[in-house]
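The values are calculated or read from the model by the stated rules, or taken from the named source; none is laboratory data. Bear in mind that the values here come from a model prediction, so they are computed numbers and not experimental data. Cβ placement follows ideal geometry from the backbone for every residue including glycine, while neighbour counts extend to all protein chains displayed. Quick note on the areas: whole protein, heavy atoms, side chains included, nothing else; ligands and nucleic acids left out. Shrake-Rupley method; radii C 1.70, N 1.55, O 1.52, S 1.80 Å.
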Amino acid sequence: MTQSYDFKHSESAWAKFWDEQRLYEFNPKSEKPVYSIDTPPPTVSGNLHIGHCFSYTQADTIARFWRMRGCEVFYPFGFDDNGLPTERFVEKFHGIQARSMKRKDFIRLCLETVQAKEREFEQLWRRLGLSVDWTRCYSTISPSAQKISQRSFLDLYKKSRIYKKEAPALWCPYCRTAIAQAELEDREASSFFTDIAFTLESGEHVTISTTRPELLPACVALFAHPEDKRYKHLIGQRAHIPIFAEKIPILADAKVDREKGTGLVMCCTFGDTTDIAWWSEHRLPLKVALGQGGRMTAIAGPYNGLTAKEASKKIIHDLETEAIASNKREITHTVNVHERCGSAIELLVIPQWFIKVLDLKEVLLKAGEEIEWVPEFMKKRYIHWVENLKWDWCISRQRIFGVPFPLWTCANCKEITLAREDQLPVDPRHSAPSACPHCGSAALEPENEVFDTWATSSVTPQINAHWGESDELKNLMPMSLRPQAHEIIRTWAFYTIVKSLIHTEKIPWKRTLISGWVLADQGGKISKSKGGGSRDPIHLMETKSADAIRYWACRSKPGVDTTFSEDLIAQGKRLVTKLWNASKFALTHLTDYDGTQSKLETIDCWLLSKLAQTIEQATESFEACDYSQALAIAEKFFWHDLCDNYLEIIKKRLYNQEIYGRASRRAAQSVLSHSLKSTLKLLAPILPFITEEIFQQGFAKQENTRSIHISAWPQTEQSWHDREAEEIGDLAIAIVESVRKEKSLKKLSLAAPVQKLEIIADAQTQIKLQPVLSAIQDVTQAQELSFALSAQNGALVVMEGLKVSMRFLV
C-alpha cells in the first residue's frame, strides 16, 4: 500500500471498474431473493445540490447492504422530466415564455434541455458512487413511460375512477394551470380587513368585513348564522351590492363563524371552499369575476382587465370615496399558494379531469397501516393527509410539455373515444381514429391538456416493472423499499399508493424510507428551483472526497432535517485516513498469514466478542434502514476497540515473534484479519471507495471475489461470544485508559515509560486480570507491574515515576 491514500485517483478508478464489471446490473433470471427499490426520480427543474447527495446516499447504503446480504438488488434510476416544474425550468434557463413559441418548438427545446441536464445529473450520481443499475434508467417523458402512464389512465377510466367535470378547481394564475390539493402550501401574508356597508331593500344598512373586495362583482349572497340574534330578522331579505347595485339574498347557514368579522359574510364565486359549498348547497348563480390569467373579467365593469391586487385597491378607494368602506385594518393571515411559484391560488370553474379518491379514504388509511414507515412517526403525516383530504385528484394541466390524454371527444355526439392499447403511446393531436365509434362522425377533437406530472411519477413501480409489457418483471411488486423525502408524502407517496391500490389492489411497496431536508444557511430547505446554496457537490467531492460526503449524509438519522456540516465532512475524511493507515499497518503484518489459527489469548477473545456484537447490531440497524446507527456502531468498534486498544496491545506480539512465539503472533494475525475485513464490510455501504481500495489490496484474492460490494456480509460465530473475556478485557482497557489519561494530563507521550505500575485490588479482581497482565504492561510501557491486596471491591492503580494515583472500580 502507498504511503498516503489518493482519493481522487481511487474514486475515479473504482467507479470506472464497477461500471466495466457491470457490478450492479439486475439479473431477472437470478434465483436469489429480490430486493427492489423504487428509486426517486429527481425532477429536472434546476441544478442538483448537496441535499440530493444527502438523501440519495442514504438510500444507496440500503441497496449496498442487501446486495452484500445475498439479494438480487433491483436498483434502477429515473428522471422526472415532464410537466410544469420542467417547463418553468426551461423557460427560466432560456429566458423565454412557452406560450410565445410554437408548441412543437417548445417541446423540442424542453427535450434538448432536459437531456443535457440529465447527463449532468448522471455524472454527479456516478461520482457519488451510487450503486444503481444504469441500464435500467428511465425518463417520465420517454415513450415507454408515456405508454405506461396512458395505460394507467385507461385502466382507471375503465374502472370508473376517471371523470371530467366543469367544477371549481384550484387554479394558479401565474402558471395558468389547474393544480391538485397536494400542490398547495400555506403561507403567512399581510392583508387588510375592510368593513363594507350593504344597503337592504328596506333601506337598512348592514356591514360585512372582507379581505377580498375585488370579489364584490362575484358576490351572490350574504350569509349569517341561523342562531345569530343580530341577523335573524334579516334572513330572506335582499341586499344591494355596493358599486354594482345587483340584488342578492341574505341566507342562513351554520358554517358561518359568528366571531369572525361582523358575523355577516359574503359568498362569492369563489373565494374559498366554503363559498363552493354554499354555492352548491343553496343553488346559487355562478359569477366569474377573475379570469385564468388572474385579471378581472367583464362582469367587473370599470375594473375589467385589472389584476386582482389592482382591483382590490381601486374598489376600496372608490368605496371609501362614497363612504361605503371603513375601518380598514392590517392583518396577517394564512393563504394558499402554489408550491411551484408561490402565487396565490384562485378557485375557477373550468372543465378538468379528476381521479375519484375521496370515497377511498378508509382503504387508503388501511394501506398506510400495512406499509412500514421509517421513521415510524412519518406515518402520521400520511394519515393526517388522507383524513383531511377535501378534493378528488385533479390530473389535467393546461400546459405543453407533458404526457397527453389518450382520447378524443366527438364534436357531434360529445362521446369520448379512448385510444386502443396498440396505439400507446399516443398524442391525440397528431393521430385520431377515422370515425367516432358511437355515431360515425369524423369530427373527433383531441384532448389538448396533459397529465399532471404526478400522474406519471405515481406509476414508477409500474414503469420499473414494465407493467403490461411482454417483458414485465412480475417478481418486483410490491417493491421492497421506497426512499423519498418527507415533503412529498402527500404527493408522491400518496398518489403512488392510490394508483397501486386501484390497479392491483396491493400496496406498492412494503417499506418507505423517509429522508429529511438539508437546511440552507437561512434555515429553509435547499432546493433546485430556489437555489442550492454555495456548496457545489462536485467541487466538494473533488476537494473532500465522495466518501467524506457520504459519511456526512449518513450521520443524520432517517427523516431528520440537518444542516450542512464541514466538521462532519472533516470527520469523514479523518475516518478514511485512519482506515487507510490502520489497514496499511495491519496488512503489512498479514502478508505471511496463511489463514490458520492458533489458540487465542484472552485479549483476542475480547476483541472477537466485541466484533460479534458489532456485526449483529450493525446488521440489525441496516435491516431496519437505520444507516446512521449502523455507522455509529461500526465506527465505534473501529476507533475504540480495534485501533485505540487492540492494535496497540498486539504490536509487540506482531513485531517480536521470537519473544512472544509464533502461535501468539498467528493468533493475533487471525483476529486482526477477521476484524479488519469485517470492519471494511460493515463500512462498505457508507464508504464504498476506500473500503474497495483496501479490500482489493488485502482480501479480494482470499475471498475470490471481484469486489467487496458483492462479497458476503460478515457473519459471526457463536464461539466468538465470550462474556468472561469481555469482562476481563474491559477491565484491562479501563486500566490502560486511566494510565493514558494521566499521561495526557501530565503532557507526556503515551510511550513514556512508567517505572512501576501497582494495581491494588481485591483477590477476585487480581485473578481475573492475570491473563491480560502482559498486555497491560506492554501497552502502558510499565517497567514493573505488581499487585497489592485490597479489601475493597475495586482496583487502585498507582504509577510510580509519574507520581500519580487513581481509583478504578470494577
Quiz item: In the set ILE383, ILE355, which member is more than 30 Å from ASP195 (Cα to Cα) and in contact (Cβ under 8 Å) with a residue 60 or more places away in the chain?
Solution: ILE355
Quiz item: Are any residues in the range 210-253 out of contact with any strand residue (DSSP E or B) (no Cβ under 6 Å at 6 or more places or on another chain), assigned to a loop (DSSP other than H, G, I, E, B) and open to solvent by 50 Å² or more (accessible area, probe 1.4 Å), and if so, which ones?
Solution: ARG212, GLU227, LYS229, ARG230, GLY236, ILE243, ALA245, GLU246
Quiz item: Failed condition for ASP81, given (1) modelled with pLDDT under 95; (2) open to solvent by 10 Å² or more (accessible area, probe 1.4 Å), with all others met?
Solution: (2)
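What are the residues in the range 456-475 that are out of contact with any Lys or Arg (no Cβ under 6 Å at 6 or more places or on another chain) and surrounded by fewer than 21 Cβ atoms within 10 Å (Cβ to Cβ), if any?
Once the filter is applied, which keeps residues that are out of contact with any Lys or Arg (no Cβ under 6 Å at 6 or more places or on another chain) and surrounded by fewer than 21 Cβ atoms within 10 Å (Cβ to Cβ), the range 456-475 yields HIS466, GLU469, SER470, ASP471, GLU472, LEU473, LYS474, ASN475.
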Self-check item: So LYS8, is it basic (Lys, Arg), touching a strand residue (DSSP E or B) at 6+ places or on another chain (Cβ under 9 Å) and surrounded by fewer than 16 Cβ atoms within 10 Å (Cβ to Cβ)
Solution: no
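Open to solvent by less than 10 Å² (accessible area, probe 1.4 Å), touching a residue at least 12 places away in the same chain (Cβ under 8 Å), part of a helix (DSSP H, G or I) and of a type in the set (Ser, Thr, Tyr), is that true of SER131?
Working: open to solvent by less than 10 Å² (accessible area, probe 1.4 Å): yes; touching a residue at least 12 places away in the same chain (Cβ under 8 Å): yes; part of a helix (DSSP H, G or I): no; of a type in the set (Ser, Thr, Tyr): yes.
Criteria not met by SER131.
Please find, within the range 321-340, the residue that is most open to solvent (accessible area, probe 1.4 Å) out of those that are within 14 Å of LEU170 (Cα to Cα) and either touching a Phe, Trp or Tyr at 6+ places or on another chain (Cβ under 8 Å) or in a strand (DSSP E or B) (or both).
Filtering the range 321-340 down to residues within 14 Å of LEU170 (Cα to Cα) leaves 335-340.
Retained after the next criterion (residues that are either touching a Phe, Trp or Tyr at 6+ places or on another chain (Cβ under 8 Å) or in a strand (DSSP E or B) (or both)): 335-338.
Values: VAL335: 37, ASN336: 71, VAL337: 6, HIS338: 0 Å².
So, considering only residues that are within 14 Å of LEU170 (Cα to Cα) and either touching a Phe, Trp or Tyr at 6+ places or on another chain (Cβ under 8 Å) or in a strand (DSSP E or B) (or both), the one most open to solvent (accessible area, probe 1.4 Å) is ASN336.
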Exercise. Filter the helices (runs of 4 or more DSSP H) completely within the range 641-756 down to those with at least 1 residues that are polar (S, T, N, Q) and closer than 18 Å to THR619 by Cα.
Key: 662-683, 688-698
Quiz prompt | So ILE489, is it touching a helix residue (DSSP H, G or I) at 6+ places or on another chain (Cβ under 6 Å) and either open to solvent by less than 40 Å² (accessible area, probe 1.4 Å) or not basic (Lys, Arg) (or both) | solution = yes
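Is it the case, given these coordinates, that SER628 is surrounded by 19 or more Cβ atoms within 10 Å (Cβ to Cβ), over 21 Å from ASP778 (Cβ atoms) and of a type in the set (S, T, N, Q)? Spell out the reasoning first.
Working: surrounded by 19 or more Cβ atoms within 10 Å (Cβ to Cβ): yes; over 21 Å from ASP778 (Cβ atoms): yes; of a type in the set (S, T, N, Q): yes.
Yes; evaluated as a whole, the condition is true for this residue.
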Practice problem: Quickly run through the range 299-320 and pick out the residues that are open to solvent by 80 Å² or more (accessible area, probe 1.4 Å) and either outside any loop (DSSP other than H, G, I, E, B) or closer than 30 Å to PRO85 by Cα (or both). | Solution: PRO302, LYS309, GLU310, LYS313, LYS314, HIS317, GLU320
Practice problem: Check off (1) at pLDDT 95 or above; (2) open to solvent by less than 10 Å² (accessible area, probe 1.4 Å) for ALA178 and give me the number that stays unchecked. | Solution: (1)
Quiz item: Can you name the residue in the range 289-298 that is open to solvent by less than 30 Å² (accessible area, probe 1.4 Å) and part of a strand (DSSP E or B) and, of all such residues, is modelled with the lowest pLDDT?
Solution: LEU290
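Looking only at residues that are among the acidic types (Asp, Glu) and in a helix (DSSP H, G or I) in the range 152-202, which one is nearest to ARG99 (Cα to Cα)? Give the steps one after another, and end with the answer.
Pass one, the range 152-202, residues among the acidic types (Asp, Glu): 155, 166, 183, 185-186, 188, 195, 201.
Right, trim to in a helix (DSSP H, G or I) and you get 155, 183.
On the way: ASP155: 32, GLU183: 22 Å.
Top of the filtered list is GLU183.
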Practice problem: Filter the range 757-785 for residues that are touching a helix residue (DSSP H, G or I) at 6+ places or on another chain (Cβ under 8 Å) and in a helix (DSSP H, G or I) and give the result. | Solution: THR765, LYS768, LEU769, PRO771, VAL772, ALA775, ILE776, ASP778, VAL779, THR780
Quiz item: Right, GLN697: at pLDDT below 95 and over 34 Å from the mean Cα position of the chain (by Cα) or not?
Solution: no
Self-check item: Test: residue in the range 766-775 that is out of contact with any Asp or Glu (no Cβ under 8 Å at 6 or more places or on another chain), modelled with pLDDT of 85 or more and open to solvent by 90 Å² or more (accessible area, probe 1.4 Å)
Solution: yes
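Condition (residue is among the hydroxyl-bearing types (Ser, Thr, Tyr) and within 24 Å of PRO285 (Cα to Cα)) applied to the range 181-200: is it met by at least one residue? Lay out the reasoning, then the answer.
At the first step, the residues of the range 181-200 found to be among the hydroxyl-bearing types (Ser, Thr, Tyr) are 190-191, 194, 199.
With within 24 Å of PRO285 (Cα to Cα) added as a condition, the list becomes 199.
Within the range 181-200 (the criterion being among the hydroxyl-bearing types (Ser, Thr, Tyr) and within 24 Å of PRO285 (Cα to Cα)), the answer is yes, since at least one residue qualifies.
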Exercise. Scan the range 384-404 for residues that are in contact with a helix residue (DSSP H, G or I) (Cβ under 6 Å, 6 or more places away or on another chain) and either β-branched (Val, Ile, Thr) or under 30 Å from TYR627 (Cβ atoms) (or both) and jot them down.
Key: TRP385, VAL386, ILE395, ILE400, VAL403
Quiz prompt | Scope the range 19-41; condition farther than 23 Å from PRO483 by Cα and either basic (Lys, Arg) or touching a Gly at 6+ places or on another chain (Cβ under 8 Å) (or both); matching residues | solution = ARG22, LYS29
Quiz item: How do the pairs read when you match residues in the range 569-596 that are under 14 Å from GLN702 (Cβ atoms) and open to solvent by 10 Å² or more (accessible area, probe 1.4 Å) with residues anywhere that are in a helix (DSSP H, G or I) and among the aliphatic types (A, V, I, L, M), using Cβ under 9 Å and keeping only pairs 6 or more apart or on different chains?
Solution: LEU587/LEU676; LEU587/ILE694; LEU590/LEU672; LEU590/LEU676; TYR593/LEU672
Practice problem: Could you pull out the residue among ALA300, ALA289, ALA277, ALA308 that is touching a residue at least 40 places away in the same chain (Cβ under 8 Å), closer than 27 Å to ILE179 by Cβ and out of contact with any strand residue (DSSP E or B) (no Cβ under 8 Å at 6 or more places or on another chain)? | Solution: ALA300
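Just a yes or no: is a residue in the range 619-634 outside any loop (DSSP other than H, G, I, E, B) and farther than 27 Å from LEU130 by Cα? Lay out the reasoning, then the answer.
Restricting attention to the range 619-634, the residues satisfying the condition of being outside any loop (DSSP other than H, G, I, E, B) are 619-623, 627-634.
Of the ones still in play, those that are also farther than 27 Å from LEU130 by Cα are none.
Looking through the range 619-634, none of the residues is outside any loop (DSSP other than H, G, I, E, B) and farther than 27 Å from LEU130 by Cα.
Based on this model, can you work out whether TRP66 counts as open to solvent by 10 Å² or more (accessible area, probe 1.4 Å), within 20 Å of the chain's Cα centre (by Cα) and modelled with pLDDT of 95 or more? Steps first, answer last, please.
Working: open to solvent by 10 Å² or more (accessible area, probe 1.4 Å): yes; within 20 Å of the chain's Cα centre (by Cα): yes; modelled with pLDDT of 95 or more: yes.
It is true that TRP66 is open to solvent by 10 Å² or more (accessible area, probe 1.4 Å), within 20 Å of the chain's Cα centre (by Cα) and modelled with pLDDT of 95 or more.
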Quiz prompt | Matching residues in the range 77-119 - criterion: being touching a residue at least 12 places away in the same chain (Cβ under 8 Å), under 20 Å from SER149 (Cβ atoms) and among the polar types (S, T, N, Q) | solution = ASN82, THR86
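I'd like to verify a number: residues in the range 708-722 that are over 21 Å from ASP594 (Cα atoms) and either in contact with a strand residue (DSSP E or B) (Cβ under 9 Å, 6 or more places away or on another chain) or at pLDDT 95 or above (or both), how many? Before you say what the answer is, go through the steps one by one.
First pass over the range 708-722, keeping only residues over 21 Å from ASP594 (Cα atoms): 709-710, 713, 718-719, 721-722.
If we keep only those that are either in contact with a strand residue (DSSP E or B) (Cβ under 9 Å, 6 or more places away or on another chain) or at pLDDT 95 or above (or both) as well, we get 709-710, 713, 721-722.
Count: 5.
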Quiz item: Among the strands (runs of 3 or more DSSP E) contained in the range 343-422, which hold 2 or more residues that are open to solvent by less than 30 Å² (accessible area, probe 1.4 Å)?
Solution: 346-355, 372-374, 407-410
